[in-house]
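Here the structure comes first, spelled out in structure tokens, and everything after it is commentary.
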Amino acid sequence: MLPGFLTRAVELLLGKQGRSLHLRAAGAATVVLGVVMLVGSWAVVVAEQGARAANLTTYPKALWWSIETATTVGYGDFYPVTLWGRVVGSVVMVTGITTYGLVTAALATWFVGREQRRRHHLAHGAEELGEETVRALHERFDRLERMVAGKGEDSGG
């Protein structure tokens with residue numbers, strides 16, 4: 001069940017050739033973050049195994065620790081005490097910060113691009129409306145000139 005879900009999630013995040021580069025990068029970073037958190041949780045349990053005062057002794061605790069570390073919440077309830085545990089923690093932190101930065105940038109770029117397209121559409125519509133108005137005014141002036149020219153000939157004749 002879970003591998004099918006993960007496969008579907010990866011396809012959803014990384015698929016669709018038409019997606020922009022920033023969205024694919026954010027999707028890829030999210031997948032990398034998930035893998036780093038899962039593997040990091042296992043690695044920190046292995047690194048902390050048998051260490052004095054270690055509190056990351058089970059995978060569920062380590063998974064919670066990796067989530068709060070990647071999101072930079074860091075409650076302080078769990079923390080590595082060995083050098084290798086701290087190295088794993090550093091990797092999880094940097095990956096989390098980078099991923100959230102990429103996702104935030106991708107969302108901001110999407111919103112800005114959407115607004116730019118909307119403004120371009122409005123400007124294009126206004127330009128077309130302006131051209132239509134100018135055309136209509138020219139037609140009216142031409143009609144008025146014909147009417148004035150026609151009346152001038154009638155009164156002079």
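The values are calculated or read from the model by the stated rules, or taken from the named source; none is laboratory data. Predicted model, so just to flag it, every value in this text is computed and none were measured. As a convention, Cβ positions derive from the backbone with ideal geometry for all residues, glycine included, and neighbour counts pool all protein chains shown. Protein only, heavy atoms only, side chains kept; ligands, DNA and RNA dropped before computing areas. Shrake-Rupley method; radii C 1.70, N 1.55, O 1.52, S 1.80 Å.
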Worksheet item: Which pairs have Cβ atoms under 7 Å, sit 6 or more apart or on different chains, and link a residue in the stretch 95-121 that is free of Cβ contacts under 8 Å to residues at least 60 places away in the same chain to one that is open to solvent by 50 Å² or more (accessible area, probe 1.4 Å)?
Response: Ile97/Thr72
Worksheet item: For the stretch 55-70, which residues satisfy the criterion of being out of contact with any Gly (no Cβ under 8 Å at 6 or more places or on another chain) and part of a loop (DSSP other than H, G, I, E, B)?
Response: Asn55, Thr57, Thr58
Worksheet item: Only one residue in Gly85, Gly130, Gly125 is in contact with an Asp or Glu (Cβ under 8 Å, 6 or more places away or on another chain) and either exposed (fewer than 10 other Cβ atoms within 10 Å of the Cβ) or in a helix (DSSP H, G or I) (or both). Which one?
Response: Gly85
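Every residue, every condition in (1) surrounded by fewer than 16 Cβ atoms within 10 Å (Cβ to Cβ); (2) at pLDDT below 75; (3) more than 22 Å from Val94 (Cβ to Cβ), yes or no:
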site: Gly18; (1), (2), (3): yes, yes, yes
site: Arg24; (1), (2), (3): no, no, no
site: Ala28; (1), (2), (3): yes, no, no
site: Leu33; (1), (2), (3): no, no, no
site: Ala47; (1), (2), (3): no, no, no
site: Gly50; (1), (2), (3): yes, no, yes
site: Leu56; (1), (2), (3): no, no, no
Worksheet item: Can you tell me how many residues in the stretch 102-122 are open to solvent by less than 60 Å² (accessible area, probe 1.4 Å) and within 17 Å of Gly27 (Cα to Cα)?
Response: 4
Discussion item. Looking only at the stretch 59-82, filter to residues that are of a type outside the set (A, V, I, L, M, F, W, C) and closer than 9 Å to Ser41 by Cα; which one of those is surrounded by the fewest Cβ atoms within 10 Å (Cβ to Cβ)?
Written reply: Pro60
